[in-house]
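The block underneath contains the structure these notes are about, expressed in structure tokens.
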Amino acid sequence: MRTKVTLEADAESLPRETMRQRGQSFKQALNEAVRRGLAGMAGDAAPFVQRTFPMGARPGYELARLSALEAELDAMEFLETIRSSPDEHGSGD
């Protein structure tokens, strides 16, 4: 099968070097390189597995609601700050 391919300079130099070393034609060296390169991608590699670890969350905490819990705690801290500070925050007494 005849196919036109434009190779970048570094990609073109690799089959040319193989050609010289092994006494092959450019076509033979290129076909061999493509077979070797793509054969490793055809499923020989082990599939990626994401390792997970327990977070040690206490029962009763919904981890999906952590941002809401943080906002609630921030609001409680803010209210406590206002209640404990001198009259600068506007009680008006």
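Got at least one residue in the range 42-53 being surrounded by 10 or more Cβ atoms within 10 Å (Cβ to Cβ) and among the charged types (D, E, K, R)? Lay out the reasoning, then the answer.
Going through the range 42-53, the residues surrounded by 10 or more Cβ atoms within 10 Å (Cβ to Cβ) turn out to be none.
No: the range 42-53 contains no residue that is surrounded by 10 or more Cβ atoms within 10 Å (Cβ to Cβ) and among the charged types (D, E, K, R).
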- Message: Can you tell me which of (1) at pLDDT below 90; (2) touching a Phe, Trp or Tyr at 6+ places or on another chain (Cβ under 7 Å) is the one Met19 doesn't meet?
- Response: (1)
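For the range 73-90, indicate whether the set of residues that are modelled with pLDDT under 90 and open to solvent by 100 Å² or more (accessible area, probe 1.4 Å) is non-empty. If you could, list the steps in order and put the result at the bottom.
Pass one, the range 73-90, residues modelled with pLDDT under 90: 84-90.
Adding the requirement that they be open to solvent by 100 Å² or more (accessible area, probe 1.4 Å) leaves 88-89.
Yes; the residues of the range 73-90 include at least one that is modelled with pLDDT under 90 and open to solvent by 100 Å² or more (accessible area, probe 1.4 Å).
The values are calculated or read from the model by the stated rules, or taken from the named source; none is laboratory data. Only a predicted model underlies this, so the values are computations on that prediction, with no experimental measurement involved. Neighbour counts are summed over all protein chains in view; Cβ atoms, including those assigned to glycine, are modelled from backbone coordinates with ideal geometry. When the accessible area is computed, the model is the full protein with side chains, heavy atoms only, and any ligands, DNA or RNA have been set aside. Shrake-Rupley method; radii C 1.70, N 1.55, O 1.52, S 1.80 Å.
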